[in-house]
Protein chains: 2
Amino acid sequence: VRAEVIGVGTEILLGQIANSNAQWIGQRLAEIGVDVLHHQAVGDNEERIADAIRHGLSRSDVVILTGGLGPTQDDITREAIAAATGRSLVRHPEIEDLIREKFARLRRNTAMPETNLKQGDVPEGATYIAPDRGTAPGLLVPADGSRWVIAVPGVPAEMKEMFTGTILDFLGERAGAGAIVSRVIRCTGIAESAVSELLDELFHATTNPTVAYLASSGEVKVRLTAKAATRDEAGSLIQPVADEVQRLLGRHVFTTNDEELEQVVGRLLKARQLSVAAAESLTGGSLALRLSSAPGASSYFVGSAVTYTAEAKHRVLGVSRETIEGAGVVSEACAREMAAGARRAFGADVAVSLTGAAGPEPHDGAPPGEVWLALDAADGVTHARSFRAPGDRGMVRRWAEQAALDTLRRYLEDV
Amino acid sequence: VRAEVIGVGTEILLGQIANSNAQWIGQRLAEIGVDVLHHQAVGDNEERIADAIRHGLSRSDVVILTGGLGPTQDDITREAIAAATGRSLVRHPEIEDLIREKFARLRRNTAMPETNLKQGDVPEGATYIAPDRGTAPGLLVPADGSRWVIAVPGVPAEMKEMFTGTILDFLGERAGAGAIVSRVIRCTGIAESAVSELLDELFHATTNPTVAYLASSGEVKVRLTAKAATRDEAGSLIQPVADEVQRLLGRHVFTTNDEELEQVVGRLLKARQLSVAAAESLTGGSLALRLSSAPGASSYFVGSAVTYTAEAKHRVLGVSRETIEGAGVVSEACAREMAAGARRAFGADVAVSLTGAAGPEPHDGAPPGEVWLALDAADGVTHARSFRAPGDRGMVRRWAEQAALDTLRRYLEDV
């Protein structure tokens, strides 16, 4: 079964709201093995909505519309479906009653505007889905060649209610058995092109699962997607390929289960019963934020000294005047003194530090993107390295966080 | 000028990422008077991408594609554009050089995979937009009947760079007159319903600009939107209404220019030539992150002590054992000692502190959402208050940041 999703509403086109319904529906349909090959969005214009439906029906078995089912004059999804499927609209007395009753219950002191009753208009031969939360019913409208047009309200809670209550079962039955399962393997310390080259041979020989790469600052995601009759079978198709991907990428892989790097680090710290502190400059607190992001982080994360100025590095972390005036604050010496100072100040088992130039201006002689990091552990292990991160301030910061967390991960894996 | 936006990527259809690019582009094009009547999204399939482009060109003057310009084998937007416009792909030597140079600068020790060079393929007769952040160039490809196909990378930062640098000017010129201008007035310390009640009468009498309210944790946005022939005219329609909104909302307004609260605070600190430090617990570094977010923040932001455990509050900030064991870490005494300790440790003119229970569990006897904040200034001003923030961990943290920054703003306005 092929479905496509049409978001209806001028506010989507103007960017006033995000079309988050399409994302949610995409996820749910993938889980039940319904292929979604197209999304569309279109404004509150009957002709264009009807054209979008016709175009959808020319290539998909099911066209799903979200939005435009409300009571106002710019809600015209019903009319457009009627036009596109060649059916007339019939006022449905049961829905009329339902709307009157809902209105009376929700706004006891107001007379209901008669326009509200247009929500009782249903294309001839269609089935309606009674709303629980809202007042707009959903619609299941048969079209030529055993195709279907489905319409749900644009309000996410009302849309979800109808999907989980009715539509997913309706579509799952038509899709027969069939499921798409995805698995995300994430790695650091390696470029997207190097990942794709390492895996090239494997995916020349494999079509199910398929592979996709997604690179962001300091990280590459490898997404495997398998199709099979059941979720279990799809999972069995993925497993050996995921194992092979992991073998080929080696220690660069930090999760085969779509975890965030800070979750992996948190898990390792808990398992080793070690505490961590940080000292950071260019990241301005974002390293601390990631280390503290998991509920229960207080069992391993002690704290971070965000020392934005040279003076703060000296006062709070004990970075020496010699280092500040000599090598400067973007240097191996400064990074090492920051890590050691943080471990001492917070009394932690291990500490990581970050210092560098986030840009756009150079900082203390270092060009934008230059970063030094260090690790200092109670067992005597110390480590420092530098790199040059590409991109704007936000990207440089993200690269730096990734590098610090990854250094911590590799240290913890070896402890 | 009519434009439509096509998001390319199977991950969009599967709902693995939100198509946020379409929303951002929709907003920008509305501002320069370009009509967007359709969005599409399509997977990484050359034929379907080419079909989507052809369909787009049949009804729009400009088709804008986002995504699929990377170096891997599933990046096929270039090929699809070539197919849809009947042009052949030519490898562009200038882009080749640019890619080689970028790669060499960023990863000094790695040989560049040859696949990267496919990013130098350009449809014959097209103009390319050199990337600043990434390695994928954007494309401006002429099509039949003075239509255009435009392609930009899917990475939001790279996409935005090309729009603000090149594409908006290119399209604005073609769009001629007609503009929608929005103005956002933001306030804190007041509920959405109170804002709407204060402004009710004003917007009964006004239809251009229109008004919309948007509430989020610790903040209400009032968005005024005016339509006119030119941006200047639309601006003149907004100005008197914006002034009146500001008068009615008084000190709750922190910007009439859509600035972030931390930008306003940064501006005030610069103007007063004062430095700030922070001490934070439940926010885990996010207060520091906001204080350090503006370029040039190092002229006023000294640093923050993220003290996640009670022991760290004692060691780094000097919070007394009596307070920790008596009133506890979520208390007025602790907040005051943290602010004073941070001001001392960092040597700053003013310091703010946050301590509380972010949830979902109670923390040191305090229920989820309970927060204490304090301010401590060199001129002798001190202040402390508590509140109970609604929502999940993320929302509680956001409320806490807003309250701390707003306390700082009001102090600085009075200095």
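The values are calculated or read from the model by the stated rules, or taken from the named source; none is laboratory data. Keep in mind that this is a model prediction, so the values were computed, not measured. Quick reminder, even Gly has a Cβ in these numbers, built from the backbone with ideal geometry, and neighbours come from all protein chains shown. Heads up: the accessible areas ignore ligands, DNA and RNA and are worked out on the full protein's heavy atoms, side chains in. Shrake-Rupley method; radii C 1.70, N 1.55, O 1.52, S 1.80 Å.
Please identify the pairs in which a residue from the stretch A:86-105 that is more than 18 Å from A:ASP132 (Cα to Cα) has its Cβ atom under 8 Å from the Cβ atom of a residue that is part of a helix (DSSP H, G or I), counting only partners at least 6 apart or on another chain.
A:ARG87/A:ILE81; A:SER88/A:ALA82; A:LEU89/A:ARG78; A:LEU89/A:GLU79; A:LEU89/A:ALA82; A:ARG91/A:LEU117; A:ARG91/A:GLY120
Is there a residue being at positive phi, more than 7 Å from every other protein chain (Cβ to nearest Cβ) and not in a helix (DSSP H, G or I) anywhere in the stretch B:274-281?
Going through the stretch B:274-281, the residues at positive phi turn out to be none.
Checked against the condition, which is being at positive phi, more than 7 Å from every other protein chain (Cβ to nearest Cβ) and not in a helix (DSSP H, G or I), the stretch B:274-281 yields no hits at all.
Between a residue in the stretch A:179-208 that is under 23 Å from B:ASN116 (Cβ atoms) and any residue that is open to solvent by less than 50 Å² (accessible area, probe 1.4 Å) and of a type in the set (Phe, Trp, Tyr), which pairs come within a Cβ distance under 8 Å, given they are 6 or more apart or on different chains?
A:ARG186/A:PHE254; A:CYS187/A:PHE254; A:THR188/A:PHE254; A:GLU192/A:TYR213; A:VAL195/A:TYR213; A:SER196/A:TYR213
In the stretch B:1-11, which residue that is outside any loop (DSSP other than H, G, I, E, B) and touching a residue at least 24 places away in the same chain (Cβ under 8 Å) is surrounded by the fewest Cβ atoms within 10 Å (Cβ to Cβ)?
Checked the stretch B:1-11; the qualifying residue surrounded by the fewest Cβ atoms within 10 Å (Cβ to Cβ) is B:ARG2.
Say we look at the stretch B:340-361 and pick out the residues that are away from chain A (no Cβ under 12 Å) and surrounded by fewer than 24 Cβ atoms within 10 Å (Cβ to Cβ); which of these is farthest from B:ARG409 (Cα to Cα)?
Checked the stretch B:340-361; the qualifying residue farthest from B:ARG409 (Cα to Cα) is B:ALA340.
What do you reckon, is B:ASP364 under 26 Å from A:SER299 (Cα atoms), open to solvent by 50 Å² or more (accessible area, probe 1.4 Å) and touching a Pro at 6+ places or on another chain (Cβ under 9 Å)? Step through it out loud before you land on a result.
Details: under 26 Å from A:SER299 (Cα atoms): yes; open to solvent by 50 Å² or more (accessible area, probe 1.4 Å): yes; touching a Pro at 6+ places or on another chain (Cβ under 9 Å): no.
No; evaluated as a whole, the condition is false for this residue.
Taking the stated definitions as given, is A:LEU198 open to solvent by 20 Å² or more (accessible area, probe 1.4 Å), of a type outside the set (Gly, Ala, Ser), within 13 Å of chain B (Cβ to nearest Cβ) and part of a helix (DSSP H, G or I)?
Spelling it out, A:LEU198 is indeed open to solvent by 20 Å² or more (accessible area, probe 1.4 Å), of a type outside the set (Gly, Ala, Ser), within 13 Å of chain B (Cβ to nearest Cβ) and part of a helix (DSSP H, G or I).
All but one of (1) crowded, with 18+ Cβ neighbours inside 10 Å; (2) more than 8 Å from chain B (Cβ to nearest Cβ) hold for A:HIS204; state the number of the condition that does not hold.
(1)
In the stretch A:255-291, what residues are without any contact (Cβ under 8 Å) to a residue 12 or more places away in the chain and buried (at least 20 other Cβ atoms within 10 Å of the Cβ)?
Hit for the stretch A:255-291 is A:LEU289, nothing else.
Looking for whichever is modelled with pLDDT under 95 and in a helix (DSSP H, G or I) here; the options are B:GLY235, B:GLY266. Which one fits? Reasoning before the result, please.
Working: B:GLY266 fails: modelled with pLDDT under 95.
From the options B:GLY235, B:GLY266, the qualifying one is B:GLY235.
All but one of (1) more than 25 Å from A:ILE190 (Cα to Cα); (2) more than 9 Å from every other protein chain (Cβ to nearest Cβ) hold for A:PRO295; which doesn't?
The number of the failed condition is (2).
Just checking, does the stretch B:222-230 include any residue being in contact with a Gly (Cβ under 8 Å, 6 or more places away or on another chain) and open to solvent by less than 10 Å² (accessible area, probe 1.4 Å)?
Yes, the stretch B:222-230 has at least one match.
What are the residue pairs meeting all of these: first residue in the stretch A:388-415, first residue within 14 Å of chain B (Cβ to nearest Cβ), second residue open to solvent by less than 50 Å² (accessible area, probe 1.4 Å) and among the charged types (D, E, K, R), Cβ atoms under 7 Å, and 6 or more apart or on different chains?
A:GLU401/A:ARG290; A:LEU405/A:GLU262; A:LEU405/A:ARG290
Within the group A:THR115, A:THR127, A:THR135, which residue is closer than 18 Å to A:THR85 by Cα and β-branched (Val, Ile, Thr)?
A:THR127
Can you go through A:VAL319, A:VAL306 and tell me which one is β-branched (Val, Ile, Thr), buried (at least 19 other Cβ atoms within 10 Å of the Cβ) and closer than 16 Å to B:ALA312 by Cβ?
Of the residues listed, the single one that is β-branched (Val, Ile, Thr), buried (at least 19 other Cβ atoms within 10 Å of the Cβ) and closer than 16 Å to B:ALA312 by Cβ is A:VAL306.
Checking the conditions here, which among B:GLY67, B:GLY33 is at positive phi, at pLDDT 95 or above and within 24 Å of the chain's Cα centre (by Cα)?
So the residue among B:GLY67, B:GLY33 that is at positive phi, at pLDDT 95 or above and within 24 Å of the chain's Cα centre (by Cα) is B:GLY67.
Residues are listed down the side, and each one gets a yes or a no for (1) of a type in the set (S, T, N, Q); (2) closer than 27 Å to A:ARG290 by Cα; (3) at pLDDT 95 or above:
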position: B:ALA333; (1), (2), (3): no, no, yes
position: B:GLY341; (1), (2), (3): no, yes, yes
position: B:SER353; (1), (2), (3): yes, yes, yes
position: B:GLU370; (1), (2), (3): no, yes, yes
position: B:ALA374; (1), (2), (3): no, yes, yes
position: B:HIS383; (1), (2), (3): no, no, yes
position: B:ARG388; (1), (2), (3): no, yes, no
position: B:ARG398; (1), (2), (3): no, yes, no
position: B:GLN402; (1), (2), (3): yes, yes, yes
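Looking only at the stretch A:231-273, which residues are within 14 Å of chain B (Cβ to nearest Cβ) and aliphatic (A, V, I, L, M)?
Those that are within 14 Å of chain B (Cβ to nearest Cβ) and aliphatic (A, V, I, L, M): A:ALA234, A:LEU269.
Among strands (runs of 3 or more DSSP E) lying entirely in the stretch A:12-107, which contain 2 or more residues that are away from chain B (no Cβ under 14 Å) and open to solvent by 60 Å² or more (accessible area, probe 1.4 Å)?
Where strands (runs of 3 or more DSSP E) fall fully within the stretch A:12-107 and carry at least 2 residues being away from chain B (no Cβ under 14 Å) and open to solvent by 60 Å² or more (accessible area, probe 1.4 Å), they are A:89-91.
Among the residues of the stretch A:314-339, write down those that are of a type in the set (A, V, I, L, M, F, W, C), away from every other protein chain (no Cβ under 14 Å) and in contact (Cβ under 8 Å) with a residue 40 or more places away in the chain.
Selection gives A:ALA335, A:ALA339.
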